[in-house]
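Undergrad: Mind having a look at this structure? Questions to follow.
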Amino acid sequence: MPDVVLPALNEAAAVEWVLRRLPVGYHAIVVDNGSTDATAEIARLHGAEVVFEPARGFGSACFAGLTAATAEIVCFMDCDASLDPIALPMLVAHIERGDADLMIGARVARRGAWPAHARLANRVLAYETRRRTGLDIRDLGPMRAMRREALIELGLGDRRSGWPLEMVLLAHRAGWTIGDVPIDYLPRAGRSKVTGTVAGTVRAVKDMGRLMRDDGRS
């Protein structure tokens, strides 16, 4: 069954909910990215494998989880209770059938779940990705499924907020079939390190903008 990589920074308020809703047989790898709360202890108590990654950054945490994973199929998702793990089998089924090489959960926001500045930034980035690649994707969301070895072979280098975009750009360049399916996007537990603040969103946009520029020169 798939491994599920869950990057986490001070998610003590959410990690239990996430792990309790993980589908049977899915193996959780919680990557503690420098938490000062009880995230790691709670995750371990609820059966997750805990990996510590001291280098801050969403990409750093994702890469550490990918390195720890051993299953044929690996999934990624946020650990803040904004995404419900029960949606994972819907993505994984496409990978198992060979319908797609990368499946993304396209977020459909519940009321109050997605700040306007973050929603707008995602919409612009998704549009620019479609324009550059011709892909029919609606979102660059963090819930994803793919084959582990194939992802390793892509050689992702971003260790910050650009990881999700770099994955799509490199996968497209490698000829992957990429699709998305709608998933619920819920109000998260606690405050987001990225979308919860304008400054966090600006940092993410800068990281992804740099990747867009680099991709255009390659």
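The values are calculated or read from the model by the stated rules, or taken from the named source; none is laboratory data. Quick caveat, the model's predicted, so the values are computed rather than measured. Note that we place each Cβ from the backbone using ideal geometry, even for glycine, and neighbour counts take in every protein chain shown.
Undergrad: Has segment 48-56 got at least one residue that is assigned to a loop (DSSP other than H, G, I, E, B) and surrounded by 15 or more Cβ atoms within 10 Å (Cβ to Cβ)? Give the steps one after another, and end with the answer.
TA: To start, the set of residues in segment 48-56 that are assigned to a loop (DSSP other than H, G, I, E, B) comprises 48, 53-56.
Cutting the leftovers down to surrounded by 15 or more Cβ atoms within 10 Å (Cβ to Cβ) gives us 48, 53.
Yes: one or more hits.
Undergrad: Taking the conditions exactly as written (at pLDDT below 95 and either basic (Lys, Arg) or surrounded by fewer than 16 Cβ atoms within 10 Å (Cβ to Cβ) (or both)), does Met90 satisfy them or not?
TA: On the way: at pLDDT below 95: no; either basic (Lys, Arg) or surrounded by fewer than 16 Cβ atoms within 10 Å (Cβ to Cβ) (or both): yes.
Criteria not met by Met90.
Undergrad: Among the residues of segment 14-47 satisfying the criterion of being over 18 Å from Arg148 (Cβ atoms) and in contact with a Lys or Arg (Cβ under 9 Å, 6 or more places away or on another chain), which is surrounded by the most Cβ atoms within 10 Å (Cβ to Cβ)?
TA: Quick first cut of segment 14-47, residues over 18 Å from Arg148 (Cβ atoms) only: 14-21, 24, 32-47.
Adding the requirement that they be in contact with a Lys or Arg (Cβ under 9 Å, 6 or more places away or on another chain) leaves 14, 33-34, 46.
Numbers: Ala14: 21, Asn33: 26, Gly34: 16, His46: 16.
Restricting to residues being over 18 Å from Arg148 (Cβ atoms) and in contact with a Lys or Arg (Cβ under 9 Å, 6 or more places away or on another chain), the top hit is Asn33.
Undergrad: Contact list please: Cβ distance under 6 Å, first residue in segment 109-138 and within 18 Å of Gly162 (Cβ to Cβ) and touching a residue at least 40 places away in the same chain (Cβ under 8 Å), second residue of a type outside the set (Val, Ile, Thr) and surrounded by 14 or more Cβ atoms within 10 Å (Cβ to Cβ), pairs at least six apart or on different chains.
TA: Here the result reads Leu125/Leu140; Leu125/Met208; Ile137/Asp180, each pair linking segment 109-138 to a residue that is of a type outside the set (Val, Ile, Thr) and surrounded by 14 or more Cβ atoms within 10 Å (Cβ to Cβ).
Undergrad: Further, regarding this structure: How many residues does segment 1-13 contain that are surrounded by 16 or more Cβ atoms within 10 Å (Cβ to Cβ) and either aliphatic (A, V, I, L, M) or part of a strand (DSSP E or B) (or both)?
TA: Total satisfying the criteria: 9.
Undergrad: What number of residues in segment 105-136 are at pLDDT 80 or above, surrounded by fewer than 20 Cβ atoms within 10 Å (Cβ to Cβ) and within 11 Å of Asp184 (Cα to Cα)?
TA: Result for segment 105-136: 3.
Undergrad: Give just the number: which of (1) closer than 26 Å to Ala87 by Cα; (2) modelled with pLDDT of 90 or more; (3) outside any helix (DSSP H, G or I); (4) of a type in the set (Gly, Ala, Ser) does Gly190 not satisfy?
TA: (2)
Undergrad: Report the residue count in segment 166-187 for those that are among the β-branched types (Val, Ile, Thr) and in a strand (DSSP E or B).
TA: We begin by selecting, within segment 166-187, every residue among the β-branched types (Val, Ile, Thr); these are 168, 177-178, 181, 183.
Applying the additional criterion that residues be in a strand (DSSP E or B) yields 178, 181, 183.
Result for segment 166-187: 3.
Undergrad: To continue, here is another question. Using the structure shown, decide if Ile152 is over 17 Å from Val18 (Cα atoms), among the hydrophobic types (A, V, I, L, M, F, W, C) and surrounded by fewer than 22 Cβ atoms within 10 Å (Cβ to Cβ). Step through it out loud before you land on a result.
TA: Working: over 17 Å from Val18 (Cα atoms): yes; among the hydrophobic types (A, V, I, L, M, F, W, C): yes; surrounded by fewer than 22 Cβ atoms within 10 Å (Cβ to Cβ): yes.
The answer is yes for Ile152.
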